[in-house]
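The values are calculated or read from the model by the stated rules, or taken from the named source; none is laboratory data. Note that the coordinates shown come from a computational prediction; the quantities given were computed from them, not determined experimentally. Cβ sites come from the backbone with ideal geometry, for glycine too, and all protein chains shown count toward neighbours. Surface accessibility is based on the protein's heavy atoms, side chains included, excluding ligands, DNA and RNA. Shrake-Rupley method; radii C 1.70, N 1.55, O 1.52, S 1.80 Å.
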2 protein chains.
Amino acid sequence: MLHKEDFIAQPLIINRGDIEEKRREIKAYFNQTYDSYETLFETLKSDSAFYERPCSLRHPLIFYFGHTATFFTNKLVLAKLLPARIDPKIESMCAIGVDEMSWDDLDETHYDWPSADAVRHYRHQVREAVNQLIDQIEFSLPITWQSPMWPILMGIEHERIHLETSSVLIRQLPISSVKPHPLFPVCPKHGLAPENRLVEVPAGEININHQDPAEFYGWDNEYGQHHATVSAFKAATFLVSNQEYLVFVEDGGYDKPEYWNNEGNQWRKYTPLKHPSFWVKKQQAWYLRCMTDEIPMPWNWPVEVNQLEAHAFCQWKAQQTGKPIRLPSEDEYLRLREHSHVLDFKEQANLNLQQYASSTPVDANQMGDFFDVIGNVWQWTETPIYPYEGFKVHPLYDDFTMPTFDNKHNIFTGGSWISTGNEINGHSRYAFRRHFFQHAGFRYIESAASVQTEYLTYETDRSIAEYCEFHYGAEYFGVTNFAQRYAEIAINAIRQDTDFKNREDLSVLELGCSVGRGCFELAKHFSQVTGLDFSARFIQIANQLQEQGSIRYSIPIEGEIMDFKSQSLKQLGLIDFAARCQFLQQDAANLKPHFSGYDMVVAINLIDRLYEPAKFLEMIHERINDNGLLLIGSPYTWLEEFTDKSRWIGGYKDSSSGENITTLEGLHAILDENFSRVAAPFDVPFVIRETQRKYQHTLSQFTIWKKVT
Amino acid sequence: MLHKEDFIAQPLIINRGDIEEKRREIKAYFNQTYDSYETLFETLKSDSAFYERPCSLRHPLIFYFGHTATFFTNKLVLAKLLPARIDPKIESMCAIGVDEMSWDDLDETHYDWPSADAVRHYRHQVREAVNQLIDQIEFSLPITWQSPMWPILMGIEHERIHLETSSVLIRQLPISSVKPHPLFPVCPKHGLAPENRLVEVPAGEININHQDPAEFYGWDNEYGQHHATVSAFKAATFLVSNQEYLVFVEDGGYDKPEYWNNEGNQWRKYTPLKHPSFWVKKQQAWYLRCMTDEIPMPWNWPVEVNQLEAHAFCQWKAQQTGKPIRLPSEDEYLRLREHSHVLDFKEQANLNLQQYASSTPVDANQMGDFFDVIGNVWQWTETPIYPYEGFKVHPLYDDFTMPTFDNKHNIFTGGSWISTGNEINGHSRYAFRRHFFQHAGFRYIESAASVQTEYLTYETDRSIAEYCEFHYGAEYFGVTNFAQRYAEIAINAIRQDTDFKNREDLSVLELGCSVGRGCFELAKHFSQVTGLDFSARFIQIANQLQEQGSIRYSIPIEGEIMDFKSQSLKQLGLIDFAARCQFLQQDAANLKPHFSGYDMVVAINLIDRLYEPAKFLEMIHERINDNGLLLIGSPYTWLEEFTDKSRWIGGYKDSSSGENITTLEGLHAILDENFSRVAAPFDVPFVIRETQRKYQHTLSQFTIWKKVT
């Protein structure tokens, strides 16, 4: 029999210590986690409750009961630490479906759930296997992402997340299906809430540089660099209480679309509720549903709502007060947390199961000027989760974080009474869909600063991602980055040209600039760079880089297995030149007149993709200053899908002379009127990755032309 | 004013001599050719005859009059010896359309022919330009294909061909449009023909090894190696005379389909004639149309027919005599020519315009046991023109020969009274469509030996040609030939295997063998090699190599400009092993039971192109002997167009565990039941050429498996 204090876990330090001591710590931490999770399910009144739906779009709890053990098996098999599955049938049922599903996935006739005892037996088998592995695994300190101990830690922290989310699901079961449990006591303290007030948080910097190996286990989304400046703001002293929120409810807030954003209004149409989800109204009196109890409304406890409700409340509050009231951003929360030094108050906070299995009054846990900066309930932010600079997917769990980088999952912060382990170590970043319920409420702030709510998502369009990698990604087969190389060629050509060599005010036009790397490279020498491309999607990527400094994309490793990449101008040493560039969508064969007066025009891998290449070549001298240069590169891959055969400028047998006309001859035929060719043609190779093993390897023939007048 | 003897050209030797002397010789040879050609057109009664059609499917003579000069301009511009065209308008009309055209190309409203005087003026300009060039070109001896003098020689010999073919066109004009010319006299000798008889030609060898630089100018089709053994045969002493042929005509030969082959019967339906084309019947008497005259039938002159008529006559003659009478092959003609030492009799032959502007009696020109082995009229053979081993296209004229390698153009031999220059130097090989008329007849032979009438044509199907080059062609980016490399890997694996290392009677099955190179390489060690592929076209190429020793294909250089390649097992050092191979079309995922009992199975770049890869992998152990080996290589490029996603064996997220399954894991999951993997997986690169500048560069992951029992 466990005691309440057995639940309280000490943080597991993984970057120092003695190996065998660490092995014992890990083993204890694992068993405590496993025990806590199993104990949680003792709040179910009978085994039949395992098969009830806590929510119409979620699996019954039997799935979650089996799931955390199955996760161990799956990751340990994947990491080749377990030679075989332990119970393939249970494992096949308990692996997939953690999140909300669509209604048609949930037809229960699809599922033939195992008995609770079968799952208990299975959990026991997994516990044995994991204990054995912990005893045997050879590892060293620090424990890194690559360590064989990592998947064990991953399984433990994964179960700790489910300890919390399962407690929410249990809270969503009918009250008749659950029972109080001595180890999960409800806080007895309630009364009226104090009046909330706004307190100044001075401006400050956020500087995160979290790298593997770190002190604690972390999920991939925690690692990387992040720097931000936060303007001064005022934050509410208390989390919003049930009492403070009631005014919004009674003001008809749930019926007034003006307080809700688009997604909130969508959600309002779907939900029948006109109040927070855990509020229960009986004969005109409000009650609160806790995990295992329904109690008269504790008005001074924090209200628990989803992000959409929290956002609507703030809008209402702003209108009421005439002040810029809103949810904080993630950075503002971090600033508040640092300002309050709350990580020093961890032991006074309502978290880590160290106080109650419920909320406590909003004025119970003081931390400097504020209360509950950590603990009690999670606090929603306005910030959709996004990757830090240098983010990498952990290969053993590539869908933990990636699917949430969609601007639809918002970060919440601070942890709740049942947040433990990684959830409360100060580095973790958790995000949920905005309509989701957890033990989560909010604290509002007053700030006129704007909040970023749209982040770069991963470019998944195959051809665009291919070009992102081509321009900004790795080099393959030892072939130098192509855009870098051709920009160098252009720069060298103009540097060596007698008419331009001493000038520093040069302009260049790149036609067919694709996702823009060539332009950023050209900007190292040219003070004005215009990049044009026919594809708006390509230009969008170039603009993203210029405006936000980075891009993200996914490219195939093998089949559907993807690699996730992030590139930044800073890493590439290009950030200082970006302001010299301008990117626009434009048809090279039908250029607007104002794209003129350039000292150089660069057109790489363009002419064989134009529908009227001759038209382009015939007019291009009009866009170039006297004595200016033209750099053309092309593999001359003429294809009828891009250019009607009658319009190829080479690569055909001439219908009049019957002779073969190469593209080089075709170029001369058109360009010789206004240009003279400088130096001999030469080939420059480039490589485009299609998958981890398949590449296009091509030679582009380069010619440099000087305008003659 | 020219004299008849001015027409008689001496052969132009190009591989030795004094440079300035050679320059003078070339200049004289050019001007003589040019003069002869212009003199020929003096047989037209007036300039209006230039615009008459000699034949419904040919241009009027004005085209040909301008064409030989235009050809000089085109090739000299192409060779960058002339800076610009001389008369673009005339040149655009006189370049294309030498051959028979389809009826809709010939709508004369498309053509606004220049005046004869305009063309005369143009020809004069070209003559000046060429003379100037001959004076100026720097060249050395020997004159090779690359020499700047080569395009001059090409233009001269091209004009000499047209001297002959235009004489045929003039012969096809109405008699009222032409007039006799003192320099083109008709032979006055005619009478009855001698009875033909068959004379023995002993067996012998043909050994040709004609390489650049050679003694005389040559067309590309003359170069390369050719070796053949010719069985003894009997050849007719005389060319078939009009008199001998009359019996066939009077026997109703033109109405009896049984004497004609398919193409001959097709032609019979099209032509209204029941006799040779140049025969004219007036009031029950036969006349012969010569170039400028119509004369009472000279019965002892050689009959002039197309190849289809010649072939039909032989069939008829064979039936009449009960002997295997037929046309000779090219090799048999060469054997006859060598046996008769006729090149020693050149000055007694009716060729090079040295006797008449017409045929002479078939018994006028004796050469040993035979008459007219060279000269008088061309002699049709049964042999469609084909390239010699080592054939290469001359880049300045890539469509002189290539389009005739289609099994539809038959070689004729020996030359006619107006054959000059290259036509009669003993190396040249001329071929025409079988229904075409020239100053051509035939000599029949008696031989039971069969004649090859179908030669390899150039594979032009893009994807098949790509694979031909991939297996048998050049290496790119320094990447070793892939089939050679994987065969080596397979051989090394079995050589190092304890169960097989001392055995020499090993068998191997290659699945997905494509065009077969891997099998030929495997046969170096395995005594029995079975190659299977799903594609019948691929298997056809492998079989061609096995049966005929070589393949030919064309691959793109740039756009439509093609490179023509020929590969042989001999060059590749594989000919001695070919007999160990067997190639069959077969579905790897549904293998017939008898493909079993192999010591090794090789499956390279196969599994990701199967529609049911698992089915294949699950059964493959049944085809392998105990302890046998399996070599798998694949870039794991899974594509739904080949394999439904539900059937990929890797490269997906497992629907049950939610984990990424790599193809390597998928292979283990299936193969581990019957195999153990030998050594670590490793990547082998391969390169497939698409154009001269565009390649696929891919890494195939290799795994070697040993069957466990």
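With a 1.4 Å probe and all protein chains in place, put A:576, B:251 in order of accessible area, largest first. All intermediate terms of the calculation are to be shown ahead of the outcome.
Numbers: A:576 125, B:251 55 Å².
Order by accessible area, largest first: A:576, B:251.
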Which distances, in nm and shortest first, link the residue B:676 label point to the same label point in every other copy, taking 7 Å along Cα→Cβ?
7.5
Label-point separation (nm) for residue B:198 and residue A:596, each offset 7 Å from Cα along Cα-to-Cβ?
8.5 nm
Looking at the calculated P(r) for chain A, what percent of the C-alpha pair distances fall above 44 Å?
38 percent
Closest approach to the axis - chain B beta-carbon, rotation onto A, Å:
B:697, 2
Taking all protein chains together and a probe of 1.4 Å, list A:698, A:144 from the most accessible to the least accessible.
A:144, A:698
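So how much slack lies between residue B:369 and residue B:295, counting 0.36 nm per residue of separation and subtracting their Cα-Cα distance, in nm?
Numbers: separation 74, 0.36 × 74 = 26.64 nm, distance 3.00 nm.
Once the chain is fully extended between residue B:369 and residue B:295, it gains 23.6 nm.
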Compactness ratio of the protein assembly as shown: Cα Rg over 2.2 N^0.38 Å, N = residue count?
1.27
Positive-end residue of A:59, A:544, A:145, charge dipole of chain A with Cβ unit charges
A:59
How high is the FRET efficiency between residue A:406 and residue A:255 when r is their beta carbon distance and R₀ equals 35 Å, given to the nearest 0.05?
0.75
Based on the Cβ-Cβ distance from residue B:128 to residue B:80, what FRET efficiency comes out when R0 is 22 Å, to the nearest 0.05?
0.70
Could you compute how much accessible surface residue B:626 exposes when probed at 1.4 Å, giving the result in Å² to the nearest 10?
90 Å²
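Just need the Rg to Rh number for region A:129-234, please, alpha carbons only, Kirkwood Rh. Write down the numbers at each step before the final one.
Numbers: Rg = 21.4 Å, Rh = 19.1 Å.
On the Cα set of region A:129-234, Rg over Rh gives 1.12.
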Just the accessible area per residue of region A:4-177, please: how many Å² with a 1.4 Å probe?
40 Å²
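Semi-axes, largest first, in whole Å: what does sqrt of 5 times each Cα gyration tensor eigenvalue give for region A:462-707?
On the way: eigenvalues 158, 109, 50 Å².
Whole-Å semi-axes of the equivalent ellipsoid: 28, 23, 16.
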Summing +1 per Lys or Arg and -1 per Asp or Glu among the other residues with Cβ less than 15 Å from residue B:144's Cβ gives -2
Show A:708, A:303 ordered by accessible area, largest first, where the area counts protein heavy atoms only and the probe is 1.4 Å.
A:708, A:303
With θ taken as phi - 60° and the coefficients 6.51, -1.76 and 1.60, list the Karplus ³J(HN,Hα) couplings across region A:320-336 in order, rounded to whole Hz; mark glycine and proline as x.
4, 9, x, 10, x, 8, 7, 6, x, 7, 4, 4, 5, 4, 4, 5, 4
Here the correct list, in nm and shortest first, of distances from residue A:612 to the same site in the other copies, label points 7 Å along Cα→Cβ, is 5.5
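Could you give the size of the charge dipole of chain B about its Cα centre, using +1 on the Cβ of each K and R and -1 on the Cβ of each D and E, expressed in debye and rounded to the nearest 20?
Numbers: 66 positive and 96 negative charges, 134 e Å.
Dipole size: approximately 640 debye.
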Note, region A:372-387: 3J(HN,Hα) by Karplus (6.51, -1.76, 1.60, θ = phi - 60°), whole Hz, Gly/Pro = x, goes 6, 4, 10, x, 6, 10, 4, 10, 5, 10, 7, 8, x, 5, 8, x
Local net charge near residue A:661, Cβ-Cβ under 11 Å (Lys/Arg +1, Asp/Glu -1):
-4
Cβ-placed point charges (K, R +1; D, E -1), dipole of region B:398-515 about Cα centre in debye, nearest 20
480 debye
Over every pair of different alpha-carbon atoms in region B:383-422, take the mean of 1/r and invert it; report that Kirkwood radius in Å.
11.9 Å
Semi-axis lengths (Å, descending) of the ellipsoid that matches the C-alpha gyration tensor of region A:4-177
30, 18, 14
The protein assembly as shown, dipole about Cα centre (Lys/Arg Cβ +1, Asp/Glu Cβ -1), debye to the nearest 20
520 debye
Taking each label point as 7 Å beyond Cα in the direction of the beta carbon, state the distances from residue B:476 to the same residue in the other copies, shortest first, in nm.
1.4
Considering only A:240, A:190, A:259, whose Cα is most displaced toward the positive end of the charge dipole of region A:166-282, charges sitting on Cβ of Lys, Arg (+1) and Asp, Glu (-1)?
A:190
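From the P(r) of region A:214-446, can you give the percent of Cα pairs sitting at distances over 29 Å?
On the way: 7040 of 27028 pairs.
Cα-Cα pairs of region A:214-446 separated by over 29 Å account for 26 percent.
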Give me the accessible area buried between chains B and A, both sides summed, with a 1.4 Å probe, in Å² rounded to the nearest 100.
4000 Å²
Taking the dipole about the Cα centre of region B:462-707, with the C-beta of Lys and Arg at +1 and of Asp and Glu at -1, give me whichever of B:687, B:676, B:699 is farthest to the positive side.
B:687
Obtain the nm distance between the two label points defined at residue B:118 and residue B:207 by a simple spin-label model: each point lies 7 Å from its Cα along the Cα-to-C-beta direction.
5.7 nm
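Give the residue list of GluC sites (Glu not before Pro) in region B:389-488 that are DSSP loop and have at most 16 other beta-carbon atoms within 10 angstrom.
Numbers: sites: B:389, B:423, B:446, B:454, B:459, B:466, B:469, B:475, B:488; in loops: B:454, B:475.
Sparse-neighbourhood loop GluC sites (Glu not before Pro): B:454, B:475.
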Separation between Cα centres of region B:388-454 and region A:395-448, rounded to whole Å
83 Å
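In region B:477-574, what chymotrypsin sites (Phe, Trp or Tyr not before Pro) fall in a loop by DSSP, with at most 16 other Cβ atoms inside 10 Å? Don't jump to the answer; show the numbers that get you there.
Numbers: sites: B:477, B:482, B:486, B:500, B:520, B:526, B:534, B:538, B:553, B:564; in loops: B:477, B:500, B:526, B:534.
Here the chymotrypsin sites (Phe, Trp or Tyr not before Pro) that fit, given the DSSP loop and packing criteria, are B:477.
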Give the accessible area for residue A:123 in Å² (nearest 10); use a 1.4 Å probe, count only protein heavy atoms, and leave out ligands, DNA and RNA.
0 Å²
Where the centre of each part is set by its Cα atoms, how far does region B:1-76 sit from region A:266-289, in angstrom?
104 Å
Low-density loop GluC sites (Glu not before Pro), region B:158-262, at most 14 other Cβ within 10 Å, DSSP non-H/G/I/E/B, are B:195
Short version: ³J(HN,Hα) in whole Hz for each residue of region A:445-455, in order, from phi by Karplus 6.51 cos²θ - 1.76 cosθ + 1.60 (θ = phi - 60°), x for Gly and Pro, what are they?
10, 10, 7, 8, 5, 8, 10, 6, 10, 10, 10
Distance in nm between residue A:450 and residue A:644 label points, each 7 Å along Cα→Cβ, equals 4.6 nm
Got a number for the accessible area of residue A:648? Probe 1.4 Å, square angstrom, nearest 10.
20 Å²
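Working out 0.36 nm times the residue gap between residue B:672 and residue B:99, then minus their Cα-Cα distance, what length gain in nm do you get to one decimal?
Between residue B:672 and residue B:99, full extension yields an extra 199.8 nm.
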Using Cα pairs closer than 8 Å and at least 6 residues apart in sequence, work out the relative contact order for chain B, in percent.
10 percent
